[in-house]
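Here's the structure we're looking at; comments come further down.
The values are calculated or read from the model by the stated rules, or taken from the named source; none is laboratory data. Quantities reported herein were computed from a predicted structural model and do not represent experimental measurements. Here the Cβ is made from the backbone with ideal geometry for all residues, glycine too, and neighbour counts use every protein chain on show. Remember, those area values only see protein heavy atoms, side chains included, never the ligands or the DNA or RNA. Shrake-Rupley method; radii C 1.70, N 1.55, O 1.52, S 1.80 Å.
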Amino acid sequence: MNVSLYIAKRYLLSKSSNNAINFISIIAAIGVVLGSASLFIVLSGFAGLKDFTLQFSSLVDPDLKAEPATGKSFVLSENEKIKLNNIEGLAYYSKIIEERVIISFDDKSYLATIKGVDENYQKVNTIDSVIAQGNWLSQNSNEIVVGWGISTNLSFGVLDYGKSLSLYVPKPGKGQVSSAKDAFSIVKALNVGIFDINENLNDTYVFAPISLAQELLNYEPNQVSALEFKIKENVDEGAVKDNIKSALGNKILIKNRAQLNNTLYKMLNTENLAVYLIFTLVLIIALFNVIGSIIMMILDKRKSLNTLFNLGATIKDIRKIFFFQGALMSIVGGLIGLALGLLIVFLQKQFGLVMITASLAYPMSIKLTNLILVFVTISILGIAASRIASIRVTKAFASS
C-alpha cells in the first residue's frame with residue numbers, strides 16, 4: 001500500500017491529542033456533508049419544478065410541429081399526405097389551423113386564438129385529460145372548447161343556449177366598409193367544454209373543429225397553419241424529423257417540444273445554473289474549513305513529520321499525506337452527503353414533507369446527472385482545497 005495514503009487514512013480516522021483540532025476536523029467534515037446534501041436537494045428541487053412546469057406544456061405541445069417557413073399557412077397535397085403516412089416511426093399527425101379571433105358573448109368581447117383541429121388531435125395530444133367541465137368537441141359541428149380564463153372573462157359556461165356566442169375574424173382586403181358584417185367573417189358557436197392547463201393557455205386558446213376554422217378564415221380544404229406529429233416510442237426523433245422534412249420540402253420548418261418552448265426552457269436552465277453556482281460558492285466556503293483543518297493537522301504533527309523526513313521521506317511524500325487526507329475527507333463526506341440528500345428527496349417524494357398548498361407537495365425529481373454533478377463538484381473542489389493546504393509543508397518546516 002502507498003505509505004502516504006496509509007498514513008493519511010490513519011490521520012483521518014484517529015483522534016488528535018489536541019481537542020481543538022478534533023473539533024475543527026469534525027466541523028469541516030460536517031460542512032462537506034451538509035454542503036453536498038444541500039446542493040443535491042436544491043438541484044433535485046429545481047429538477048422537480050422543471051418537470052412539473054413542463055408537464056403542462058406537454059399536454060398541448062406535440063413531439064414535433066411543422067410550421068410554414070413563410071406566411072401563415074401552406075397547402076398539404078394528397079401526395080404529401082401519402083408520404084407522411086408511409087414514414088416509419090410516425091404514429092399520428094394532426095392538421096391545425098390557428099389564428100387570432102374575437103369572441104363575443106352577451107355584449108362582451110375577448111381577443112383569443114382559435115385552434116382548429118381534426119379528429120387525430122386527441123391522438124397527438126392528451127387534451128382529454130385537462131377538460132375540467134363538459135366534453136371535447138365533435139368534428140363537423142359548431143362546437144368549441146375554451147380555456148377557463150376565457151370562460152371567466154366572458155361569464156359563460158358549458159352548453160349555454162340562452163345567449164349567442166360568436167367568433168369574429170377581420171376579412172382581408174382594402175377600402176372602407178359600411179358594417180361589421182362586411183368587415184368581419186362571423187360564425188356562431190356553442191361551448192361544450194372548458195379546459196384547465198395553466199393561466200397563459202387558459203386565457204389564450206379556443207379549440208374548434210377544423211371545418212369551423214376553415215369556414216371562419218375562408219381556408220381551402222387542404223390549407224393548414226401547421227401539422228402536429230406524435231412519434232412512436234423508442235424511435236429516433238431526428239430521423240423522423242428528417243423524413244418529414246423530406247416529405248414536405250422547404251415550405252415548412254420543423255420544431256420539437258423544446259424548440260416550441262424555447263423561452264421557457266432557457267429560463268428554467270438559467271435558473272438551474274444560477275442556483276448551482278450559488279450553492280457551489282457555499283461549498284467553496286465550507287471547504288475553507290477543510291483547508292484550515294489540514295493546516296492545523298500539519299502543525300500538530302510537526303514532530304512526526306520531522307521523524308519521517310529524517311527517515312528518508314521526501315517533501316513530496318509528506319505533502320501527499322495531507323493531500324490524501326483532505327481528498328478523502330471531501331470525497332467520503334460528499335458520498336455521505338449524497339446519501340443523506342437522496343434519503344431526504346425520497347422521503348419528500350413519498351410522504352410530501354414540504355407542501356406548496358394543502359394538496360400539492362413540493363415536486364422533487366431524482367436525476368442521475370445531478371448525482372454525478374454534485375459528486376464531481378465536491379471531488380474537484382475538495383482536491384483543490386487539499387492541494388492548497390498540503391503545499392504548506394516545506395523542507396524548512398519538516399526538518400526543523
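For region 133-151, a residue qualifies if it is within 31 Å of the chain's Cα centre (by Cα) and open to solvent by 60 Å² or more (accessible area, probe 1.4 Å), and the qualifying residues are 133, 135, 148.
Let's see how each residue does on (1) open to solvent by 40 Å² or more (accessible area, probe 1.4 Å); (2) among the polar types (S, T, N, Q):
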{"residue": "18", "(1), (2)": "yes, yes"}
{"residue": "37", "(1), (2)": "no, no"}
{"residue": "41", "(1), (2)": "yes, no"}
{"residue": "45", "(1), (2)": "no, no"}
{"residue": "65", "(1), (2)": "no, no"}
{"residue": "82", "(1), (2)": "yes, no"}
{"residue": "86", "(1), (2)": "yes, yes"}
{"residue": "92", "(1), (2)": "yes, no"}
{"residue": "105", "(1), (2)": "no, no"}
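Just one of the listed residues (3, 75, 60) is under 30 Å from residue 242 (Cβ atoms), hydrophobic (A, V, I, L, M, F, W, C) and surrounded by fewer than 16 Cβ atoms within 10 Å (Cβ to Cβ), namely 75. Residue-level analysis places residue 110 outside the set of residues that are of a type outside the set (D, E, K, R), open to solvent by 30 Å² or more (accessible area, probe 1.4 Å) and within 21 Å of residue 227 (Cβ to Cβ).
If the condition is being over 20 Å from residue 215 (Cα atoms), touching a Lys or Arg at 6+ places or on another chain (Cβ under 9 Å) and hydrophobic (A, V, I, L, M, F, W, C), then region 84-104 contributes 90, 91.
Which one of these is exposed (fewer than 12 other Cβ atoms within 10 Å of the Cβ), modelled with pLDDT under 90 and within 17 Å of residue 27 (Cβ to Cβ): 285, 294? Let's see the steps before the verdict.
Details: 294 fails: exposed (fewer than 12 other Cβ atoms within 10 Å of the Cβ).
One residue alone meets the criteria, 285.
Look at residue 169 and say whether it is surrounded by 14 or more Cβ atoms within 10 Å (Cβ to Cβ), more than 31 Å from the chain's Cα centre (by Cα) and over 30 Å from residue 241 (Cβ atoms). Working first, answer last.
Details: surrounded by 14 or more Cβ atoms within 10 Å (Cβ to Cβ): yes; more than 31 Å from the chain's Cα centre (by Cα): yes; over 30 Å from residue 241 (Cβ atoms): yes.
Yes.
Residue check: residue 254 meets all listed conditions (1) part of a helix (DSSP H, G or I); (2) surrounded by 14 or more Cβ atoms within 10 Å (Cβ to Cβ) but one, namely (1). Is there a residue being part of a helix (DSSP H, G or I), closer than 27 Å to residue 220 by Cα, open to solvent by 50 Å² or more (accessible area, probe 1.4 Å) and modelled with pLDDT under 95 anywhere in region 115-123? Taking every residue of region 115-123 in turn, at least one turns out to be part of a helix (DSSP H, G or I), closer than 27 Å to residue 220 by Cα, open to solvent by 50 Å² or more (accessible area, probe 1.4 Å) and modelled with pLDDT under 95.
Is it the case that region 314-333 has a residue that's free of Cβ contacts under 8 Å to residues at least 24 places away in the same chain and more than 14 Å from residue 378 (Cα to Cα)? Write out each step before concluding.
Looking only at region 314-333, we keep the residues that are free of Cβ contacts under 8 Å to residues at least 24 places away in the same chain, and these are 314, 316, 332.
Pick out the ones that are also more than 14 Å from residue 378 (Cα to Cα) and you get 314, 316.
Yes - at least one qualifying residue is present in region 314-333.
Within region 54-68, can one find any residue that is touching a residue at least 24 places away in the same chain (Cβ under 8 Å) and either over 42 Å from the mean Cα position of the chain (by Cα) or on the phi > 0 side of the Ramachandran plot (or both)? Checking region 54-68: not a single residue is touching a residue at least 24 places away in the same chain (Cβ under 8 Å) and either over 42 Å from the mean Cα position of the chain (by Cα) or on the phi > 0 side of the Ramachandran plot (or both). Just one of (1) more than 23 Å from residue 83 (Cβ to Cβ); (2) open to solvent by 30 Å² or more (accessible area, probe 1.4 Å); (3) of a type outside the set (Ser, Thr, Tyr); (4) part of a loop (DSSP other than H, G, I, E, B) fails for residue 221. It is (1). Checked against (1) open to solvent by less than 40 Å² (accessible area, probe 1.4 Å); (2) assigned to a helix (DSSP H, G or I); (3) within 20 Å of residue 168 (Cα to Cα), residue 215 meets all criteria but (1). Restricted to region 257-282, and to residues there that are of a type in the set (S, T, N, Q) and surrounded by 15 or more Cβ atoms within 10 Å (Cβ to Cβ), the residue that is farthest from residue 25 (Cα to Cα) is 261.
Go through the residues of region 177-197 one by one and say whether even a single one is in a helix (DSSP H, G or I) and in contact with a Pro (Cβ under 7 Å, 6 or more places away or on another chain). Yes, region 177-197 contains a residue that is in a helix (DSSP H, G or I) and in contact with a Pro (Cβ under 7 Å, 6 or more places away or on another chain). Within region 373-396, the residues that satisfy the criterion of being farther than 20 Å from residue 286 by Cα and either at pLDDT 90 or above or assigned to a loop (DSSP other than H, G, I, E, B) (or both) are 393, 394. Among the residues of region 224-240, the one identified as open to solvent by 50 Å² or more (accessible area, probe 1.4 Å) and part of a helix (DSSP H, G or I) is 237. Every listed requirement among (1) farther than 25 Å from residue 49 by Cα; (2) surrounded by 15 or more Cβ atoms within 10 Å (Cβ to Cβ); (3) hydroxyl-bearing (Ser, Thr, Tyr) is met by residue 394 save one, (2).
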